[in-house]
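Worksheet: the structure to be examined is printed underneath.
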Amino acid sequence: MLRLLDEIAGRAGASLVVPDAYLCPGGICPLTAAENIPIYRDALHLRAQYVQSDALDWLDAAIGLEDATP
């Protein structure tokens, strides 16, 4: 499935980002982040507060925005 998604992304000029290694280190997905901020809204979606925190800074580099300014 990931190979197909990567192929589709490539045809669209995009990059596939698989966040599992970042969100679930060692295959274990924590329910809360620093300061007990809940990570997930439900089984598949991240909470807005978590996404807006600095926790996803790695994502900027993963999609080529490491030098982006807010």
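At a glance:
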quantity: Probe 1.4 Å, accessible area per residue of the chain, Å²; calculated: 82 Å²
quantity: Rg to Rh quotient for the chain, alpha carbon positions, Kirkwood Rh; calculated: 1.00
quantity: Value of [θ]222 nm, deg cm²/dmol, for the chain, DSSP H segments ≥ 4, -39500 (n - 2.57) each, nearest 500; calculated: -8500 deg cm²/dmol
quantity: Difference of contour (0.36 nm per residue) and Cα-Cα distance, Ala9 to Ile28; calculated: 4.1 nm
quantity: Simple spin-label estimate for Asp42 and Asp60 in nanometres, 7 Å along Cα-Cβ; calculated: 3.1 nm
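The values are calculated or read from the model by the stated rules, or taken from the named source; none is laboratory data. All values derive from a computational prediction rather than experimental measurement. Here the Cβ is made from the backbone with ideal geometry for all residues, glycine too, and neighbour counts use every protein chain on show. These area figures cover heavy atoms from the full protein model, side chains too; ligands, DNA and RNA do not enter into them. Shrake-Rupley method; radii C 1.70, N 1.55, O 1.52, S 1.80 Å.
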